[in-house]
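See structure below.
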Ligand SMILES: Nc1ncnc2c1ncn2[C@@H]1O[C@H](COP(=O)(O)OP(=O)(O)O)[C@@H](O)[C@H]1O
Ligand SMILES: [Mg+2]
């Protein structure tokens, strides 16, 4: 059964996403999320940080229209809604989920193929997306020939290829080594500045959340609600200098302290 799509925000709205009184209780009876009220401005970079199982992925799935809320309303910008079904909301998962038998190019082509985009237009968009993620030279490579970081870049190109209004990223760099992760953090920020996308990013890393975001939302333990919110009013653009600054350490400490109660009740914490 198709899930009911999120509703559409007014064309004049400065919001990209609005959640009002949203809860999600799975059929199993697990209360995964909410009630949650969240507004994300167009062009904003917001990160949800919280312990494993607090409902972060559930929140992204609701925004993407991949699942329906049990209560409350999920609304997305008219731009994202307009071409919904054509992947106007880009989704990047922790696993790159590439087709092993297909080239980088054909992996990136998938959403355009599903949207029945004309081939010449698709080819141009694929080229552009591969340039954006720095993989132009690997268009004809196969996933088995790529490093973990490069596979994630392919996954990002596949999310960008439809030029989505909103980019949802679910712990995309969690499985990567630290240096690769830092590089991808920087490249993602450069893309965000250039492309003016709305990014909703999920991580359980406090350090990553502060480095990337304009706003960090700290979630409580399940069912996930907003425990605290921080505006990361640090200098832009962020750089490796920021990563080692006292300012950065200060923000990380604040977020960490706010997150502590969410871990308090967990076994092994
Ligand atoms: N499809 C599902 N059916 C039943 N329970 C689910 C489903 N997806 C997630 N859950 C449960 O909902 C809770 C929140 O899951 P999730 O949103 O994946 O958390 P997170 O991404 O923060 O780790 C967990 O307890 C998880 O086991
Ligand atoms: Mg998750």
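Remarks
- Top-ranked residue in the range 69-87 [being closer than 21 Å to residue 114 by Cβ and not in a helix (DSSP H, G or I); ranked as modelled with the highest pLDDT]: 76
- Scanning the range 16-44 for residues that are more than 16 Å from ligand 1 (Cβ to nearest atom) and under 21 Å from residue 218 (Cβ atoms) turns up 16, 17, 18, 20, 21, 37, 39, 40, 41, 44.
Matching residues to (1) part of a strand (DSSP E or B); (2) over 15 Å from the mean Cα position of the chain (by Cα):
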{"residue": "174", "(1), (2)": "no, no"}
{"residue": "179", "(1), (2)": "no, yes"}
{"residue": "184", "(1), (2)": "no, no"}
{"residue": "187", "(1), (2)": "no, no"}
{"residue": "194", "(1), (2)": "no, yes"}
{"residue": "202", "(1), (2)": "yes, no"}
{"residue": "208", "(1), (2)": "no, no"}
{"residue": "222", "(1), (2)": "no, yes"}
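- Residues satisfying the stated conditions in the range 224-249, i.e. in contact with a helix residue (DSSP H, G or I) (Cβ under 9 Å, 6 or more places away or on another chain), closer than 29 Å to residue 88 by Cα and outside any loop (DSSP other than H, G, I, E, B): 224, 229, 230
- On inspection, residue 56 fails the criterion of being at negative phi, touching a helix residue (DSSP H, G or I) at 6+ places or on another chain (Cβ under 7 Å), at pLDDT 95 or above and within 10 Å of ligand 1 (Cβ to nearest atom).
- The set of residues from the range 204-225 being crowded, with 24+ Cβ neighbours inside 10 Å and within 21 Å of residue 34 (Cβ to Cβ) comprises 209, 216, 217, 218, 219, 224.
- For the range 143-163, filtering for residues that are without any contact (Cβ under 8 Å) to a residue 40 or more places away in the chain and buried (at least 21 other Cβ atoms within 10 Å of the Cβ) leaves 1.
- Hits in the range 129-142 - residues which are in contact (Cβ under 8 Å) with a residue 12 or more places away in the chain and either surrounded by fewer than 18 Cβ atoms within 10 Å (Cβ to Cβ) or under 19 Å from residue 163 (Cβ atoms) (or both): 129, 130, 132, 133, 134, 135, 139, 140, 141, 142
The values are calculated or read from the model by the stated rules, or taken from the named source; none is laboratory data. Quantities reported herein were computed from a predicted structural model and do not represent experimental measurements. Glycine gets a Cβ as well: all are built from the backbone with ideal geometry, and neighbour counts include every protein chain shown.
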